[in-house]
1. Per 0.36 nm of contour for each residue apart, how much would the distance between L151 and I57 grow if the chain were fully extended, relative to their Cα-Cα spacing?
2. Once fully extended, how much extra length lies between F124 and T104, figured as 0.36 nm per residue of separation less the alpha-carbon to alpha-carbon distance?
3. Sorted by average packing, counted as other Cβ atoms within 10 angstrom per residue and highest first, what order do 106-114, 135-143 take?
4. In percent, how large is the relative contact order of region 4-153, given Cα pairs closer than 8 Å and 6 or more residues apart?
5. Got the relative contact order for region 1-74 handy, in percent, Cα pairs under 8 Å and 6 or more residues apart?
6. At q = 0.15, 0.18 Å⁻¹, what log₁₀ I(q)/I(0) does region 1-74 have when each alpha carbon counts as one equal point scatterer in the Debye sum?
7. Rolling a 1.4 Å sphere over the protein heavy atoms, what is the accessible area per residue of the chain, to the nearest Å²?
8. At 222 nm, what value in deg cm²/dmol follows for the chain if DSSP H runs of at least 4 each add -39500 (n - 2.57) and the sum is divided by all its residues, to the nearest 500?
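The values are calculated or read from the model by the stated rules, or taken from the named source; none is laboratory data. Source: prediction; values computed, not measured. Cβ placement follows ideal geometry from the backbone for every residue including glycine, while neighbour counts extend to all protein chains displayed. To get the accessible areas, we keep the full protein, side chains included, count just its heavy atoms, and leave off ligands, DNA and RNA. Shrake-Rupley method; radii C 1.70, N 1.55, O 1.52, S 1.80 Å.
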Amino acid sequence: MTDLDAYERKILRELQSDASLTTAELAERIGLSPSPCWRRVDRLEREGVIRKRVALIDRRKVGLNAHVFAQVKLNAHGRANLDEFSAAIRGFPEVLDAYVLMGTMDFMLRIVAEDIDAYERFFFDKLSKLPGVQEINSIVALSEIKSTTELPI
């Protein structure tokens, strides 16, 4: 669904900023009455435009101080079994995001851990032991310049 009207775009912008808004608060902010606003939100949820509503947690305040990007290259056998590698990655709670790449590397992973020692354990005990892994380049993020979940709608 890409044919969003002006009200739906406003709804999405507001909910990206604060998903805890009540229907009445949301309706007031976008200039609709509550019933049509609720129907639009309900439809956006049913059609999968709104996938879920969540609380965003500050990783450092829960002890996840290491933020690492890992580029993974698979060998020929591993590339033939992308589904197996993908399933294993989905099972690691340390991996927040995983992308299949076009280019010299096959995957980009965004990983969090308590500290670099914890990442090292994850690297040696889990990630590097996955079948088909040929090479892993780890890039440690020193600071965060921008981080958002809000899409430019």
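1. Values: separation 94, 0.36 × 94 = 33.84 nm, distance 1.82 nm.
Going from the current span to full extension adds 32.0 nm.
2. Details: separation 20, 0.36 × 20 = 7.20 nm, distance 2.22 nm.
Gain on extension, F124 to T104, equals 5.0 nm.
3. On the way: 106-114: 19.1, 135-143: 11.2.
Most protected by this proxy first, the peptides run 106-114, 135-143.
4. Details: 162 pairs, mean separation 42.4, N = 150.
Reported as a whole number, the value is 28 percent.
5. Values: 29 pairs, mean separation 18.0, N = 74.
Computed value for region 1-74: 24 percent relative contact order.
6. So the normalised log intensities work out to -0.62, -0.74.
7. Values: 10290 Å² over 153 residues.
Normalised by residue count, the accessible surface of the chain is 67 Å².
8. Working: 6 runs with 57 residues, N = 153.
When only DSSP H runs of four or more count, the value is -10500 deg cm²/dmol.
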